[in-house]
Amino acid sequence: MRKFRLLLTFLLTFTLASSAFAQGKYGKDSAECVKYLSFYKDYFKQNNMEEASPLWREAFRLCPPQASQNMIIDGQKIMKYWIDRESDANVKKSMIDTLMNLHDLRTQYYPSYKHYSLANKALDLYKYSSDDKMTFDVIMEAIEACRTKTLPSSSLLVLCMDKASKLYNAGEMTAEEVMSAYENIMTIASGIYERKPTAALESAMADVEQVFATSGVANCENIVALFTPKFAADSTNKDFVSGLIKLMTDANCTDEALFQRAVEALHSLDPSSATAYALYRLNASNGNHKEAVALLEDAISQEDSDAMKDADYYLELATYNFKYMSNNAKAIADAKEAINLNPALKGKAYLLIATIWASMDCPGNDIEQRARFWVAVDYLYRAKAADASVSEEANQHIANYSKYFPLTEDAFMYDLSDGASYTVNCGGLRETTTVRTNNE
C-alpha cells in the first residue's frame with residue numbers, strides 16, 4: 001500500500017502535465033513507452049493489480065495520453081482497486097481526485113468517447129463521492145452528452161433523479177430546478193429510446209418517474225406554477241408539451257386548466273386518436289357534450305386508430321349519444337357499427353340497444369306503446385347468446401321488461417296473438433319483433 005501511495009503522489013503532480021514533453025504518439029522515449037505498456041498489461045490481464053500498478057505507473061510516466069486510450073482506462077481500474085482497499089479518509093479522497101483526473105484526461109484526448117468518459121466518471125462519483133451537487137452536475141453533463149448517442153448505462157437516469165431528489169429535500173435545489181432536471185432527463189431518454197428502444201431503458205425511465213413522484217416536488221400546485229409560463233412561451237414545442245401532459249397525468253393533475261390547454265396544443269401540433277380521445281374526456285367531464293361527441297368522432301377518424309380501438313370508441317359514442325344527447329337513432333347506429341368492427345362487443349352493444357329501446361317513449365295505442373319492450377327483450381336474448389358474461393344482467397332486464405308486455409286479452413282486441421310477427425315504429429326507428437303477452 002505504501003508503494004501505491006507513492007504512485008498516487010506521482011499521479012497527482014503528473015496527470016495534467018504529462019503531455020508537455022510528448023513527442024509523437026509514443027512520446028520522447030517511444031521504445032520505453034511501448035515496453036512498459038506491454039509489461040503492465042501482462043499482469044493486468046491476470047487481474048494482478050499489485051504487480052501491474054508500478055509498471056503501469058512507468059507506462060503512464062513515459063507515454064503521452066494519446067499513446068493509448070486503454071492505458072487511461074486501465075489506470076482507472078487500477079485506481080479503483082486501491083480506493084476500495086484504502087482506509088485512510090484523506091488518502092482515499094486524493095485517490096478519488098486522481099481517478100477523476102484520469103476520466104478528464106480521457107475526455108480531453110479522446111473526445112469521440114466523451115459520452116463514455118463522462119458516464120463512467122458520473123458512475124464513479126456516485127459510488128465514491130459524498131458531494132451530491134457535484135455528482136448531480138456530472139451525471140447531468142453525462143446524460144446531455146448522450147443526447148444524440150448511445151447511453152452507456154440506463155442507471156444514469158435514475159441516479160441523476162435520485163441526487164436531484166436528495167438535493168431538494170436537503171434544501172440545496174429548488175422545486176423548479178428539480179422539475180427542470182426531470183423534464184430534461186425524460187426528454188433526452190425519450191429521444192434515445194426512439195432511436196434504440198431497450199427494456200433496460202424503458203425500465204429506467206419508469207424508475208425516474210417513480211423517484212420524481214416520491215420526491216415531494218411533483219404536486220399540482222408546483223407544476224402549474226412552474227410550467228404555466230413555460231407553456232405560454234413554448235406551446236408549439238411538441239416534445240415539451242408531450243412531457244408536460246405526461247407529468248401532469250402522472251401527478252393526477254388532469255383537472256387543471258393547464259392540462260386541457262396542453263392536450264389541445266398537442267392535438268393541434270400532432271393530432272392523433274389519443275389526443276382527440278383525451279380532449280373528449282375533458283370536455284365530457286366539463287359537460288360540453290356537443291364538443292365531446294365531435295372529439296370522439298374525431299378520434300375514430302384518425303389514421304392511427306385501428307378497427308379494435310374504433311369499435312371501443314363507437315360503443316362509448318353510442319352510450320354518450322344515448323345518455324347525454326338524447327339521440328337514440330344515432331346511439332343504436334353507433335352500437336351496431338361497434339359490432340361490425342369487433343363482434344366480441346356484441347354482448348355489451350346488444351345490452352345497450354335493449355336499454356335504449358326500453359327507455360323510448362312511443363306514441364299510439366297500448367300495444368304501440370308497449371311493443372318496444374318486445375324489441376328490448378329480443379336484444380337481451382341476443383346479448384346472452386353472444387356473451388355469457390352479460391347473462392345475469394340480461395336476465396334481470398328480461399324479467400323486468402317482460403312485466404310490461406300487454407295482457408293477452410288486450411292484444412286480442414288488436415287481433416294479435418303470441419308468436420305473431422309485429423313491426424315496431426318508434427322515434428324514427430323500425431324493428432320487426434314477435435308478439436308476447438302476459439296472462440295475468
Are any residues in the range 368-390 part of a helix (DSSP H, G or I) and within 39 Å of the chain's Cα centre (by Cα), and if so, which ones? Ala383, Lys384, Ala386, Ala388, Ser389, Val390
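Conditions (1) over 26 Å from Ile300 (Cβ atoms); (2) without any contact (Cβ under 8 Å) to a residue 24 or more places away in the chain, marked per residue:
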| site | (1), (2) |
| --- | --- |
| Leu352 | no, no |
| His397 | yes, no |
| Pro406 | yes, no |
| Phe412 | yes, yes |
| Gly427 | no, no |
| Thr433 | yes, no |
| Thr437 | yes, no |
Candidate set from the range 149-192 (those that are under 18 Å from the mean Cα position of the chain (by Cα) and surrounded by fewer than 17 Cβ atoms within 10 Å (Cβ to Cβ)); member that is nearest to Ala206 (Cα to Cα): Ser190
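Matching residues to (1) modelled with pLDDT of 95 or more; (2) of a type in the set (Phe, Trp, Tyr); (3) over 29 Å from Cys146 (Cβ atoms):
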position	(1), (2), (3)
Leu62	no, no, yes
Ser87	no, no, yes
Met95	no, no, no
Thr98	no, no, no
Arg106	yes, no, no
Ser112	no, no, no
His115	no, no, no
Can you find, within the range 367-403, the residue that is surrounded by the fewest Cβ atoms within 10 Å (Cβ to Cβ) among those that are closer than 13 Å to Tyr422 by Cβ and among the acidic types (Asp, Glu)? Glu368
Apart from one, (1) in contact with a helix residue (DSSP H, G or I) (Cβ under 8 Å, 6 or more places away or on another chain); (2) among the small types (Gly, Ala, Ser); (3) not in a helix (DSSP H, G or I) all hold for Gly419; the odd one out is (1)
Given the conditions (1) more than 18 Å from Ala335 (Cβ to Cβ); (2) surrounded by 20 or more Cβ atoms within 10 Å (Cβ to Cβ); (3) in contact with a helix residue (DSSP H, G or I) (Cβ under 7 Å, 6 or more places away or on another chain), which single one is not true for Thr434? (2)
Restrict the check to the range 59-68 and report whether at least one residue is part of a helix (DSSP H, G or I) and over 17 Å from Tyr109 (Cβ atoms). no
Tally of residues being over 13 Å from Ser68 (Cα atoms) and surrounded by 13 or more Cβ atoms within 10 Å (Cβ to Cβ) across the range 23-34: 3
Residue match in the range 282-304 (condition: at pLDDT below 95, closer than 30 Å to Ile339 by Cβ and charged (D, E, K, R)): yes
Select from the range 1-52 the residues that are among the small types (Gly, Ala, Ser) and outside any helix (DSSP H, G or I) and write down the one among them that is modelled with the highest pLDDT. Gly27
Taking the criterion of being of a type in the set (Ser, Thr, Tyr), part of a helix (DSSP H, G or I) and over 27 Å from Asn219 (Cβ atoms), would at least one residue in the range 127-150 satisfy it? yes
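The values are calculated or read from the model by the stated rules, or taken from the named source; none is laboratory data. Not measured: the values here are computed from a predicted model. Cβ: placed from backbone, ideal geometry, glycine included. Neighbour counts: every protein chain shown.
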